[in-house]
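Let me begin by presenting the structure, written as structure tokens, before commenting on it.
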Number of protein chains: 2
Amino acid sequence: MLITQKCHYAMRAVFELALQYNQKSGPIKIADIAKAQSIPPRFLEVILSQLKQGGFVGSQRGSEGGYYLVRPPEKLMVGEVIRFIQGPVIPPETKKKETASKEERVFQELWRRVEDAISGVYDSVTFGSLVERWEKTRDVPVLHYSI
Amino acid sequence: MLITQKCHYAMRAVFELALQYNQKSGPIKIADIAKAQSIPPRFLEVILSQLKQGGFVGSQRGSEGGYYLVRPPEKLMVGEVIRFIQGPVIPPETKKKETASKEERVFQELWRRVEDAISGVYDSVTFGSLVERWEKTRDVPVLHYSI
DNA sequence: ATATATCCTCACTATTCCAGTCGACATGAT
DNA sequence: ATCATGTCGACTGGAATAGTGAGGATATAT
């Protein structure tokens, strides 16, 4: 699978922090993020602490503590988060010319192109743009009314 | 991981059959494909029989039997094989608008773009073009001589 | 100061998926 | 008839994924 569940959660968590970024209402609690984005809270703990390691978020301990985004959402590409949580799309050994057999080498150009194509998308979308889109469509009713 | 080992094997197997396609030397034995492409023979058995189910290859039983490509390599896109072996890049439930929560819906456009980007590459490369490339570079010495 | 709310750490489990194997059987060429 | 092949279904070991548990550390409120 291209995107793991964990990565989906990570992106939704960052997205949630991005939504609140301009509200200046202090750090957001794990519990709140978990609720807003329907993420198992204990699992979210693991994820956020990993995102902190990666320098994407910061935290405040104690009462009224929580997490916050380090960079403004417009300067945070989704690709950065995805790559950090998931690792590279194409594993390095698939790309290494030296260790590849002749047969494998035929495919390397293909994998390179695939990776570039994916990166092109990943790096053209920021959490800022996602928030913008969200703001625009937040009140648009779902088309699929119950019958 | 985007491409499983099994899928790599499948592509190399098909590629091997593509190489021999114009030689008209009858079906190729599992053992030969396995040897040429360094694939565990028993595993290759599983893979080829799956590819047969998918209509990509045909087989001949008995002595002097083996496998052969059903379509000419130029008319076989790598995407067809990859999608058949691996299933869709983005799982359908990630894309379904009806079942997605509001939060998930923000990301759907992103996943759609990623999928399209990948498909664009997958569907622009045929096994015929891979064989061509192979024929061109088959005798180019490896740059990395042993020291 | 104390209580409490929060993050922090790290180990642990359950489940699923992947890669690969095994044994017995079916079929076709010679 | 024999032997070389493909066919079939079950099976296993290991890795990765998703998620949980228990207790510790620290900041804020009172």
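Tabulated data for the structure shown
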| read-out | value |
| --- | --- |
| All positions within the stretch A:89-109 that are more than 8 Å from chain B (Cβ to nearest Cβ), farther than 19 Å from B:R133 by Cβ and touching a residue at least 12 places away in the same chain (Cβ under 8 Å) | none |
| Lone unmet requirement of (1) within 14 Å of DNA strand C (Cβ to nearest atom); (2) more than 14 Å from chain A (Cβ to nearest Cβ) for B:A34 | (2) |
| Tally, over the stretch B:37-66, of residues that are open to solvent by 20 Å² or more (accessible area, probe 1.4 Å) and within 22 Å of A:K102 (Cα to Cα) | 4 |
| Test: residue in the stretch B:69-80 that is more than 14 Å from every other protein chain (Cβ to nearest Cβ), more than 25 Å from A:I118 (Cα to Cα) and open to solvent by less than 60 Å² (accessible area, probe 1.4 Å) | yes |
| Failed criterion for B:P88 (all others in (1) of a type outside the set (A, V, I, L, M, F, W, C); (2) open to solvent by less than 30 Å² (accessible area, probe 1.4 Å); (3) outside any helix (DSSP H, G or I) hold) | (2) |
| Of all residues in the stretch A:107-144 being more than 21 Å from B:R112 (Cα to Cα) and at pLDDT 95 or above, the one that is surrounded by the most Cβ atoms within 10 Å (Cβ to Cβ) | A:F107 |
| One residue from A:S59, A:S25 being out of contact with any strand residue (DSSP E or B) (no Cβ under 6 Å at 6 or more places or on another chain) and within 15 Å of DNA strand C (Cβ to nearest atom) | A:S25 |
| Residue under evaluation A:E115, criteria (1) within 7 Å of another protein chain (Cβ to nearest Cβ); (2) more than 14 Å from the chain's Cα centre (by Cα); (3) in a helix (DSSP H, G or I), criterion not met | (1) |
| Unique match (being at pLDDT 95 or above and over 30 Å from B:S124 (Cα atoms)) among A:S59, A:S25 | A:S59 |
| Close pairs from the stretch A:20-31: first of a type in the set (K, R), partner within 12 Å of DNA strand D (Cβ to nearest atom), Cβ under 6 Å, at least 6 apart | A:K29/A:G66 |
| Counted residues, the stretch B:28-72 - those being outside any helix (DSSP H, G or I) and more than 23 Å from A:V106 (Cα to Cα) | 11 |
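The values are calculated or read from the model by the stated rules, or taken from the named source; none is laboratory data. This one's a predicted model, so the numbers in the text were calculated from it and none came from an experiment. Here the Cβ is made from the backbone with ideal geometry for all residues, glycine too, and neighbour counts use every protein chain on show. Heads up: the accessible areas ignore ligands, DNA and RNA and are worked out on the full protein's heavy atoms, side chains in. Shrake-Rupley method; radii C 1.70, N 1.55, O 1.52, S 1.80 Å.
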